[in-house]
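Bear in mind these aren't lab numbers, they're just calculated from the coordinates by the rules spelled out. Keep in mind the model is a prediction, meaning the values are calculated, not measured.
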């Protein structure tokens, strides 16, 4: 139980300092440090990510950086993806789930490194909304009609949340900019609302199917530590070089992804 506190603080720091992508370390921490099985870990992660996002939403809402109507609509459109991802997660082997998760972490690391190298001024929560060259590289930057783009991106983010138990902020923030034309600071704030909605939907689907028995005490301690860490991380984000933070975090993701992949394949102890 005591180990959950520094782990939660560390993940909260990454969330607060970097925004999207920080919660992706929650599942490996729950599996390899706290000893949970992959399905329980991804379900527990939904609670931790959802509650942390909801509490982190408050300062953004006070600063009027959250569009509640559009965010709730986007989250509701992702409900089908969340439910489908949750169902798919319970039907795959734990080793397959962890191998896919390792691949996801490598993808996120690659996107973050590209983001840091191509548009260093856009990192952090005060990105200039008029300068967004990295968004043209985003996988959701299609030329399809706006309604179709919104539905596709909402469903895709919901699917990620339901299957892996992650917030999907690394994909969600650019998606809100591309699909709904949000300024970047508003997209960051609104994404927290969408993450909370997707996490709640996916969690309800898993609990309804009896997918996992959760250790609520552990989850509570981990979540409280993550919230505290995110508050500190938010302050650090304004002082440290965001480009250096992103590259360092992406490097950490690569190492965790390789370890996760090797463990899932039985090649590491």
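Please give the per residue volume of the convex hull enclosing the alpha carbon atoms of region 32-126, rounded to a whole number of Å³.
142 Å³
What is region 1-101's relative contact order, in percent, from Cα pairs under 8 angstrom and six or more apart in sequence?
21 percent
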